[in-house]
Amino acid sequence: MNKIVTLTCLLTLSACGKSLPESGDYWLELQNAYGEWEKTILITGYLDDYHACTEVQQALHKWNAENAAIKRVYRCTPA
C-alpha cells in the first residue's frame, strides 16, 4: 500500500511540473561564529533525505528560539 501511495505522489508531482529534490544524502550544516559552515549531521538512509534534513533543521531552529542564548543558523546541503 505504501508503494502505491509513494508512486502516486511522485506521479502527481511530476505531472504538475514540480521537480523533486535530488536523491542522496544531505549534510545538516551549522554556521559558526566566524560565518563558516561546519558539517554537523549526515542525514542518510531515508526515502527522502532532503525532507528528513529539513525536519531536523526546523526542530533545531525551534529549540534554539526557545532555549539557546546564541541563535544558531543551519542549512541542508547535498553530501
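Every read-out reported here was derived from the displayed coordinates using simple, explicitly stated rules and does not represent laboratory data. On a predicted model such as this, the values are computed, not experimentally measured, just so you know. All Cβ positions, even for glycine, are placed from backbone atoms using ideal geometry, and neighbour counts span all protein chains on display.
Taken over the range 42-55, the criterion of being crowded, with 17+ Cβ neighbours inside 10 Å and within 11 Å of Thr77 (Cα to Cα) is satisfied by Ile43, Asp49, Tyr50, Cys53, Thr54.
Residues in the range 25-79 that are of a type in the set (Lys, Arg) and within 12 Å of the chain's Cα centre (by Cα): 1 in all.
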